[in-house]
Amino acid sequence: MYDMILLKQGEIVLKGLNKKAFEQKLMANVQRRLRPFGPFRVYTIQSTVYVEPQSEAADMDGAFEALKSVFGVVSLTRAAACAKDADAIAQKAMEYLAPAMRAAKSFKVESRRSDKRFPMTSIQLSQYVGGLLAEAFPDTRVDVHHPELTVELEVRDLAAYVHSDPCPGAGGMPVGSNGTAVTLLSGGIDSPVSSWMIAKRGVRLIPVHFYSFPYTGVAAKEKVEALTRELSAWCGHLRLCVVPFTHIQEEIRDKCPEEYFTILMRRFMMRIADRIARDNRCGALVTGENLGQVASQTMQAMAVTEEVCTLPVLRPLIGFDKEEIIRLARRIGTFETSILPYEDCCTVFTPRHPELRPSVEKAREAEAALDVEALVEEAVMGTEYGKL
Ligand code: ATP
Ligand code: MG
C-alpha cells in the first residue's frame, strides 16, 4: 500500500473531442518526467491523473517536485494511503493532515468511493471522519459551505486515500499538444522566459542560438546550454541548435551602413530561424522581444525584421515590464544563469547611432551589398545540433 500523487488537468478538460489525445500527451509527458524516480503507474479517471508508485524504490518526494513543472497540470496533491476501514481512514487523516487542521479555522470532509462494497456511503464516511476530526482538533469548526480546508477521502480498489487542498501545478497545456516552434534563445533574461511561455501553451520548442565565435567566447555558448537544460525541466528534452553567425556579422560590418547593423543582423537571425523552423515542420518563431525596450524593438524595427519571415513571429513578452519578466525568470529558475556576465553577439557590433525609424526599403538597400542567400545557406549548413 503506497501513497500516490493526484494531478488535476487544466484546460484539457475543455477540449471536447480532442480530449483523449491531450490526455495521452499529458500522460506520456508525466511518464517521461517520472523516469528518474523509479517505477510508477500512470492513468487517468475523470480528468484526474493518478500516479501510483510500483515499489518501495520509487522516490515520491522527487516525483512530486518534478511533476510541479509539467504543463497541463493545474494542481497536484500527495495522497496518503491506509486500510479501507473508517477508523483507519480517520486515524490517517488525523496524522497526515494535522498541520493543515491546526492551521485552518474551518474544514469539511468530502468522500468518494470507487469501491462500492465499502460499508458506508460517501456521506456517512464524511460525517464519521468529520466528527472524529472535529473532536481531535477542537479549534477548527466544520463549515460545509466556505471551509478553509477540504479534507478529501477516496476509497479505491487497493486502499483508501487521504489528501487535502492541492498545491498549484504549472498550468498551461501538455507540451506537444499545440505543435512545434523555433525559439530564438540568447543568453539574456528575456528569451528563456518567452520560450517558457510558449512551451506552456503546449508547444514543443527547438531552441536556436546565434554564436559569434571568437567575438563571443565558449562561455557564452555554455551559458545558453545551461539555460536550455534549465528550460528542459519544464519543456522536456530540448535540442539546442547553434548557428555560426560570425561571418554574417563581419560581412554586415564591412559592407553595410553602420546605423543598420543591428537591424540587418536581426533580419539574418529571423531568416535563418525561419529556414530551420520550416526544415523541422514548425509553425512559428518565438522571440523575447518587448515593445520599446531597445532601438531594435520599436514597432518599425519589428516590422522590418519580421518582413523576412514566412512563419508567424510570437512575442509573448511584448507588453511586459522588465520587473514582470524578472519575476518570471526567477520563478522558472533561469534568472541566475541569465545574469552571469557574457557578451551577446548583438553587443559585439553595436552601432553608435542605431536607426530608430528603419524602413524595409532602406534595409533592403543596405543588404544589396551582401549575398544574402549564400550567407543564410552557409549558416544553416554550419549549424550544430545538440544531443537528441
Ligand atoms: P534577451 O534577454 O532575450 O537577450 P534582449 O532584451 O537582450 O533579449 P535583444 O538582444 O534585442 O533583446 O534580442 C531580442 C530577441 O532576439 C531575444 O529575446 C532573442 O529571442 C533573440 N536573440 C538575440 N540574440 C540572440 C542570439 N545570439 N541567439 C538567438 N537569439 C537571439
Ligand atoms: Mg539579448
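The values are calculated or read from the model by the stated rules, or taken from the named source; none is laboratory data. These numbers were taken from a predicted model, which means no experiment stands behind them. Cβ atoms come from the backbone with ideal geometry, glycine included; neighbour counts cover every protein chain shown. SASA here: full protein model, heavy atoms, side chains in, ligands and nucleic acids out. Shrake-Rupley method; radii C 1.70, N 1.55, O 1.52, S 1.80 Å.
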- Message: Being of a type outside the set (Lys, Arg), surrounded by fewer than 24 Cβ atoms within 10 Å (Cβ to Cβ) and within 16 Å of ligand 2 (Cβ to nearest atom) is true for just one of Phe261, Phe213. Which residue is that?
- Response: Phe261
- Item | strands (runs of 3 or more DSSP E) enclosed by segment 46-132 - at least 1 residues per element that are under 20 Å from Pro147 (Cα atoms) and among the aliphatic types (A, V, I, L, M) | 73-82, 106-113
- Qualifying residues in segment 282-323 (those that are of a type in the set (Gly, Ala, Ser) and more than 24 Å from Arg204 (Cβ to Cβ)) - the one least open to solvent (accessible area, probe 1.4 Å): Ala301
- Would you confirm whether any residue within segment 133-153 is under 30 Å from Pro341 (Cα atoms), open to solvent by 10 Å² or more (accessible area, probe 1.4 Å) and either assigned by TED's automatic domain parsing to the domain that holds Tyr342 or of a type outside the set (Phe, Trp, Tyr) (or both)? no
- Message: Taking the conditions exactly as written (at pLDDT 95 or above, of a type in the set (Val, Ile, Thr) and assigned by TED's automatic domain parsing to the domain that holds Val218), does Val294 satisfy them or not?
- Response: no
- Extreme residue, farthest from Val151 (Cα to Cα), among residues of segment 167-209 that are within 16 Å of ligand 1 (Cβ to nearest atom), among the polar types (S, T, N, Q) and out of contact with any helix residue (DSSP H, G or I) (no Cβ under 7 Å at 6 or more places or on another chain): Ser186
- Out of curiosity, is Arg156 in contact with a Lys or Arg (Cβ under 9 Å, 6 or more places away or on another chain), not hydroxyl-bearing (Ser, Thr, Tyr) and not assigned by TED's automatic domain parsing to the domain that holds Phe64? no
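Residues are listed down the side, and each one gets a yes or a no for (1) touching an Asp or Glu at 6+ places or on another chain (Cβ under 8 Å); (2) in contact (Cβ under 8 Å) with a residue 60 or more places away in the chain; (3) within 12 Å of ligand 1 (Cβ to nearest atom):
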position: Val218; (1), (2), (3): no, no, no
position: Glu222; (1), (2), (3): no, no, no
position: Leu231; (1), (2), (3): no, yes, no
position: Trp234; (1), (2), (3): no, yes, no
position: Ile263; (1), (2), (3): yes, yes, yes
position: Ala273; (1), (2), (3): no, yes, yes
position: Arg281; (1), (2), (3): no, yes, no
position: Glu289; (1), (2), (3): yes, yes, yes
position: Met299; (1), (2), (3): no, no, no
